[in-house]
1. Show me the helices of the chain, taken as full DSSP H stretches, that run 27 Å or more along their long axis by Cα and average 0.5 or above in Kyte-Doolittle hydropathy.
2. Determine which lysines satisfy two conditions relative to Lys174: a Cα distance under 18 Å, and not lying fewer than 8 residues away in the same chain.
3. Keeping all protein chains in place, calculate the accessible area per residue for the chain (probe 1.4 angstrom), answer in Å².
4. Among Ala15, Ala52, Thr26, pick out the residue whose Cα is farthest towards the positive end of the charge dipole of the chain, where Lys and Arg carry +1 and Asp and Glu carry -1 on C-beta, about the Cα centre.
5. Just subtract the alpha-carbon distance of Val6 and Leu196 from 0.36 nm times their residue separation and send over the number in nm, one decimal.
6. Mind ordering 76-87, 153-164, 115-126 by average Cβ neighbours within 10 Å, highest first?
7. For the ranges 42-49, 144-151, 23-30, what's the packing order if you count other beta-carbon atoms within 10 Å of each residue, average per peptide, and put the highest first?
Amino acid sequence: ENFMSVWEILLIGAALAMDAVAVSMTNGMTDPRMRPAKALAIALTFAVFQFAMPVVGYYCGAVFASVVERIAPWLSFALLAFIGGKMIVDCILEMREKKRAGEGAQLPRAGKPLGAGKLLVQGVATSLDALAVGVTLLATETQAGLPFHAAACAAVIGAVTFVLSLAAVYVGKKVGDKFADWAGVAGGAVLIGIGLKILLEGIL
């Protein structure tokens, strides 16, 4: 029986979560004193988007698929490049400010605190490729079969994203302490890199 297995759904979830994991790590790096509630909010945001996008893709079906495939990589790149670029600029400006204030002055770590708006943008940018997965689930269900309903498959993808993203925030916090001032620059570069990866995958 050549239906899609539960393990394949878990692997798809892990693969889709990678962009969210890298962004979560970046968020942890730039805010080493982040409270557990905020770490949970970050992981939950990515999980909700990774759950919702395949469901949307599934129900919109083939009509939506061709449009999404054309726009999604460019939209993801534009959003992540904007956030990443802004992080780098903020960090450089803050380091200049620190130099002007004198070497002894301790300013907060680079970048403004992660607000709800920026987090939602990150959630959208890292989950757009999951729309196409929703269409894939629809095609698989029609041709061979799914282990359970597409919405339940999407819930598994969301759960995998939640666990991996939450762990990534804490890894980022530990790594961030070593990077100090340069965390913002490194984080911004990572976001731009992820955006480029999504764009190149979409084009190729």
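The values are calculated or read from the model by the stated rules, or taken from the named source; none is laboratory data. A quick note: this is a predicted structure, and the numbers were derived from the prediction, not measured. Ideal geometry is used to build each Cβ from the backbone, glycine not excepted, and the neighbour counts take in all protein chains shown. For the accessible areas, the whole protein counts, side chains as well, though only heavy atoms, and no ligand, DNA or RNA atoms are used. Shrake-Rupley method; radii C 1.70, N 1.55, O 1.52, S 1.80 Å.
1. Numbers: long enough: 6-30 (35 Å, 1.33); 36-101 (57 Å, 0.98); 150-179 (42 Å, 1.35); 183-203 (30 Å, 1.77).
Helices meeting the span and hydropathy rule in the chain are 6-30, 36-101, 150-179, 183-203.
2. Lys38
3. 52
4. Of the listed residues, the answer is Thr26.
5. 65.4 nm
6. On the way: 76-87: 20.2, 153-164: 22.5, 115-126: 17.2.
Highest to lowest by the protection proxy: 153-164, 76-87, 115-126.
7. 23-30, 42-49, 144-151
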